[in-house]
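Below is one structure, written out as structure tokens; the observations come after it.
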Amino acid sequence: MTKRLITLAIALLLTCCQSDRSPKAEIERMEKVPMPKFTEPTVDTGVLENGLRYYLLEDHQLPVIQLNIITKTGSIYEPADKVGLAWLLGTALRTGGTKNLAPEDVDRAFDNMAAAVGVGIGQEMGDGSIKILSKDKEKAFSLFFDLLFAPRFEPKRVDLGKIKIIEALKRENDYPEQVVVREFRKLVYGDASPWARRPSNESVKALKIDDLKKFHEKYFVPSNMIVAAAGDFDKAAFIELLKKFTGNVANHDVQFPEVAPVDLNFVNQERKIARPLTQSYIEAGHLGIKRHNPDKYALEIMDTILGAADFKSRLMSDIRSDRGLAYTISSDFGWGTDYGLFDVYVATKAKSGAEVINLIRGHLERMKEKGDVTASELDFAKRSVLNRLIFEFDNSFKIVTQRARYRFFGYPDDYWHIYRDAIEKVTIDDVKRVAREYLHPDGLSIAIVGPAS
Amino acid sequence: MKISGKRLLHYIVIILILVSAGAAYAYDLEKDVTEFKLPNGMRWLLVLRHQAPVFSGVVMIRAGGADEKPGKTGLAHMFEHMAFKGSSKLGTTDFAKEKPILDEIERVGEELTAETQKEKPDEKKVAELAAHLKSLQDDASKYQIKNEVWEVMGRNGAADLNAYTSKDVTAYHASMPINRLELWMDVISQMVADPVYREFYTERSVILEERRSGIDNDPDGKMAELIGETAFQEGPYRWPVIGQGKDVAGLTIADARAFHNEFYVGPNMVGVLVGDFKIDEAKRLIEKYFGKLPSTKPPVAKEEFANKGGAEKRFGFDAEPASVLAYHKPTLPDPAEFVFDVIEVLLCSGPTSRLEKRLVYDEKAARDVSCADDYPGSRLSNLLLVWMEPNRPHSPDELVSKVQEELERIKREPVTDEELLRVRTKVMASILYSLEKNMGLAMSLAEFEAIFNDWRLIAKYPKLVDEVTKEDIMRIAKEYFPKDAAVKVVRTRSNGK
């Protein structure tokens, strides 16, 4: 009997000692594999005589070239009586033809080359892109730069643009998740703010071709634009192409109109939009920070812990995993040229709406007041953000467009390193401090789209 | 995990573009792919790409909505959610202690589900069982680590970790830094080989929320559901991937386990890796982690269903109008598929395509027209579908008539040389464009291998499309688009306008 017990004890001991090979130990072992040495690809950058800046990267894997060009312009610069002008201009540039070619001929030329072309203008950035087979580069880029620098604004296409915008505005109301985002912005910034206002049918109908021309002439000049391109080309030859297609474009210094500054305040307010739905769609939050605020890194870590991490965030664990109250819930602590937005988004069955809002408020209060962020939460958030950074480099086009955007928003070209180092330095105390300073659960704007009761 | 409405259509359109394009280009895909098969029958495709120390990987199972039975719809997707709940090693602090509680949860959950599925459930019994279930779940949670799959993958830099279920397949995917290749193997293999059914009943509620968002409250999701019901008289293409609400509410752990045991077997699975690894190292790890999957043969699904056209459905929704016109068609290996691919691009790809040019640009009658030629999946005979959104005051019915006129024209007149050349170029370019990103390439390879048992078809596709003639197009249009075969679904405002 004693012998048996001893054998059993040895068996147990063995089981115990194999716990060195336990699942957690196995995972730890795999997590210790070092990263191989990685040399960042060298992006060519420079400025043409006309002021056009470029970021280029050759990549000959596929016979394809992608190009993106960004322009400092946007709806925040529209006169208050011409809301919708930037949107219409983006559409009109893409579809309105060029000085040399009627719209139908442009469409046909691009379609025959299987070129994927897009032009759009957002709140503070115009964004044009083209993807082509590399053999077509001369013809395709010639046409693409003509769209941007020598537009025709064919009246029937401008009219079509207006119809499309009016339809899009109407159809936005069909999707509660879009309505709630729109109304939340208006609630926080104010309905007439350049950062929230939306065109109306009347404002769009009143736009004139002359308005488009003036807006276009003012902003679409090479010194106000940045090109990023990657793919199957030779850099030197590519720069010559850029010179050829933009060299003769007239240039001038752009004077940007003053944009009314956002008033920083936090008040409890609610906006309800009644819809016969089986769920309530909720956005809750307040103003965030400006882009170059040095606390943005600590705030990103705080936000990851609160609600930005897939599934592992506090909001997701509690409201989805534990309570089954939502398919998706997430937070985003945003920054902008002026104050960005902090928001929590969720959709939940109609009768759970009030409960979920209380839960969100509770999580914000806990983050702000309790300061109970743990070392393991911090560790998880930092590692998630840092280990993912390598994906900035897994695609050549992504590398150059990212560089162009850093430049556009006033970061240095090596911002990637600054960002990485700053995230590495974030401490628990930093997270607690920024939560106290920047979260305002007592000044929440809440937009709800859902059934009336 | 996001399958709904407009996004569903977009997803299908993307896949279609892949399906309708290939490799008459200066890139030799076949030479880049290393393939091998595990003794259990699981097929693997490996592609080296060295631009950054990362890789993208996908494990795809030929199991989707097409494998479900009426009454148990939504099961493939329900299982997909469960795969993220961990295994006997992940998601638990002590599986030996957790297991008996999980068994009890399964028993009580089954009893509760049976009761709630009754026409007149006994409210008292339901309340008692629900309370019992809740207390068991609280007990179990003492041994559980919530969302550990997400935690481990997340802190190790996983990008695009997610999964999706379609009518044809279920896929699990993530990209990671290359030094986490073994971790990827370990975690993903546990998800598909050793799932533990934690938090099943909470997750069922989550899926019902997903259904509310994706179908009840989404005009396009609702439309997609009605297309299936209207076009198909029988077979699994009748219901949406997420399933019927009542069926989902009745699913049990035993259902999910049976589905897993039947379909998550070597011969039914495909893995793809694209990135900066070493082939030998990848093979060694694949054998170590995926070799444990069983080699049993999956059940053979019924493939023939007697579906025919000539149906119309009108419905009201609190949204702007839209309409769909669809026709039944065969799928691969029927060579008509390549002709449909040509027709789809001819009709709907770009501002010079016939429908976009006429309806959007010339007549300004539609704000958007889009086509899909393997809706809602590719394993069974499916639909060529045109989705239209009118500009007011044009009506959704007017758009349907105009599209029918264009289909008549295709029957009557040969397409021009320029059009045919354009279609071929577009098919070739669209597949090239799709290969640019590591995950895009991985997904294309996996889909072709899992659905058609032939990843090489991607490379052959442009040539097969090039062989389509003007006469083929007229012949197929006449055969498959007779007027009385049209399936029409029209959405108007709830007030009928």
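For (1) modelled with pLDDT under 95; (2) surrounded by 18 or more Cβ atoms within 10 Å (Cβ to Cβ); (3) within 10 Å of chain B (Cβ to nearest Cβ), each residue gets a yes or a no:
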| residue | (1), (2), (3) |
| --- | --- |
| A:G126 | no, yes, no |
| A:L133 | no, yes, yes |
| A:E138 | no, no, no |
| A:F141 | no, yes, no |
| A:F145 | no, yes, no |
| A:P155 | no, no, no |
| A:N173 | yes, no, yes |
**Request:** Test B:L226 against the criterion of being in contact (Cβ under 8 Å) with a residue 24 or more places away in the chain, under 27 Å from B:G377 (Cα atoms) and not in a loop (DSSP other than H, G, I, E, B), and give yes or no.
**Result:** yes
**Request:** Determine if segment B:56-70 includes at least one residue that is β-branched (V, I, T), modelled with pLDDT of 95 or more, under 23 Å from the mean Cα position of the chain (by Cα) and under 20 Å from B:N438 (Cβ atoms).
**Result:** yes
**Request:** State whether the residues of segment A:305-323 include one that is under 16 Å from A:R436 (Cα atoms), outside any loop (DSSP other than H, G, I, E, B) and within 14 Å of another protein chain (Cβ to nearest Cβ).
**Result:** yes
**Asked** Is it the case that segment A:185-200 has a residue that's within 14 Å of chain B (Cβ to nearest Cβ) and either polar (S, T, N, Q) or within 13 Å of A:G84 (Cα to Cα) (or both)?
**Response** no
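Take the residues in segment B:202-244 that are among the hydroxyl-bearing types (S, T, Y) and over 19 Å from B:K72 (Cβ atoms); name whichever of them is surrounded by the most Cβ atoms within 10 Å (Cβ to Cβ). Break it down stepwise before answering.
Narrowing segment B:202-244 to residues among the hydroxyl-bearing types (S, T, Y): B:202, B:205, B:213, B:230, B:237.
If we keep only those that are over 19 Å from B:K72 (Cβ atoms) too, we end up with B:202, B:213, B:230.
Details: B:T202: 16, B:S213: 25, B:T230: 20.
The extreme case among them is B:S213.
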**Fill in**
The residue that is surrounded by the fewest Cβ atoms within 10 Å (Cβ to Cβ), considering only those in segment B:408-465 that are away from chain A (no Cβ under 14 Å) and among the basic types (K, R), is B:R412
**Fill in**
If we keep only residues of segment B:324-368 that are assigned to a strand (DSSP E or B) and within 14 Å of chain A (Cβ to nearest Cβ), then the residue surrounded by the fewest Cβ atoms within 10 Å (Cβ to Cβ) is B:D368
**Item:** Of all residues making up segment B:249-261, the number that are more than 18 Å from the chain's Cα centre (by Cα) and in contact (Cβ under 8 Å) with a residue 60 or more places away in the chain
**Value:** 9
**Asked** Which of the residues that make up segment A:41-69 are within 14 Å of another protein chain (Cβ to nearest Cβ) and in contact with a Gly (Cβ under 6 Å, 6 or more places away or on another chain)?
**Response** A:D59, A:V64, A:I65, A:Q66
**Fill in**
Within segment A:35-87, of all residues that are at pLDDT below 95 and aliphatic (A, V, I, L, M), the one nearest to A:S200 (Cα to Cα) is A:A80
**Message:** Just to check your reading of the model, which residue among B:K302, B:K292, B:K308 is over 29 Å from B:R424 (Cα atoms), in contact with a His (Cβ under 9 Å, 6 or more places away or on another chain) and of a type in the set (K, R)?
**Reply:** B:K308
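Conditions tested, residue by residue: (1) surrounded by fewer than 21 Cβ atoms within 10 Å (Cβ to Cβ); (2) not in a helix (DSSP H, G or I).
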residue	(1), (2)
A:I76	yes, no
A:D81	yes, no
A:A86	no, no
A:L89	no, no
A:N100	yes, yes
A:E104	yes, no
A:A109	yes, no
**Asked** Can you find a residue in segment A:182-191 that is surrounded by fewer than 16 Cβ atoms within 10 Å (Cβ to Cβ) and part of a loop (DSSP other than H, G, I, E, B)?
**Response** yes
**Request:** Among residues belonging to segment A:417-431 that are in a helix (DSSP H, G or I) and touching a residue at least 40 places away in the same chain (Cβ under 8 Å), point out the one that is surrounded by the most Cβ atoms within 10 Å (Cβ to Cβ).
**Result:** A:V431
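Which residues, counting only those in segment B:39-97, are of a type in the set (S, T, N, Q), in a loop (DSSP other than H, G, I, E, B) and either within 14 Å of chain A (Cβ to nearest Cβ) or surrounded by fewer than 22 Cβ atoms within 10 Å (Cβ to Cβ) (or both)? Steps first, answer last, please.
Step one: filter segment B:39-97 for residues of a type in the set (S, T, N, Q), giving B:40, B:51, B:56, B:73, B:87-88, B:92-93.
Filter once more, keeping what is in a loop (DSSP other than H, G, I, E, B): B:40, B:51, B:73, B:87-88, B:93.
Correct list: B:N40, B:Q51, B:S87, B:S88, B:T93.
The values are calculated or read from the model by the stated rules, or taken from the named source; none is laboratory data. Since the model is a prediction, treat every value here as computed from it, not as a measurement. Glycine also receives a Cβ, built like all others from the backbone with ideal geometry; neighbour counts cover every protein chain displayed.
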